[in-house]
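The structure under discussion appears below in the form of structure tokens.
The values are calculated or read from the model by the stated rules, or taken from the named source; none is laboratory data. What you are looking at is a predicted structure, and each value in this text was computed from that prediction instead of being measured. These area figures cover heavy atoms from the full protein model, side chains too; ligands, DNA and RNA do not enter into them. Shrake-Rupley method; radii C 1.70, N 1.55, O 1.52, S 1.80 Å.
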Amino acid sequence: MRREALYIKNIMLTFQKAASCIGCTSKRPFNISLIFNYCKPRSFYFSMLRLRLTFFPLFFAIRTAENVLLVDAGGGNGILVQLEKAGIAIERIHDMFVTHAHTDHILGAVWMVRIVMQKMLSGQYTGTFRVYGHDKVLEVLDWICRKLLPAKIVALIGSAVEFREVKDGETFEAGGLCLQCFDIASTKEKQFG
């Protein structure tokens, strides 16, 4: 329970920063679905931010009217089942932010790259899939994908799948939202919120 409380605190810090970004081109309302594989779903409503958070641990999805932004991608291939249970179509996900390179946050990203590319190759997904993260996250994800995924999928990295590095304090748009990343100063692993 304590881990969930810390995670909620980090998420709230992230969205308070996102809400105060300067220069955002969109001010759309959004919903957040937090999807955890090891506990029962819990919902919270934050009236100040007009957000409903549904927790299911290991990753979460921010849904706007047009887009879905995934944050983290733990759970390996279980992420695909959890997205389906939450009613989130892969075809709506064009942006993913990975906070750090621990396996419980990154292994599902490999599955997301794989399924998105399979859908692209079969004509079921249009557009670009962008993965945001700091340099180490992207280096690890790129290495795993190139070692484990089929050549026809790996060939799409850099064109249909873009790995976009973000730096501490950088403001950027993803999933139709203005976000600002920040180094959370973890002593264990380079980690952005």
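Given a 1.4 angstrom probe, what's the average accessible area per residue across the range 100-169, in square angstrom?
Counting only protein heavy atoms, the per-residue value for the range 100-169 is 49 Å².
Length gain on complete extension for the stretch Ala89 to Gln118, per 0.36 nm per residue less the alpha carbon to alpha carbon distance?
9.0 nm
Could you please state how large a percent of the accessible area of the range 47-193 is carbon and sulfur, counting protein chains only and using a 1.4 Å probe?
Ligands and nucleic acids excluded, carbon and sulfur reach 51 percent.
Just reorder Val68, Val154 by solvent-accessible area, largest first, 1.4 Å probe, all chains present.
Val154, Val68
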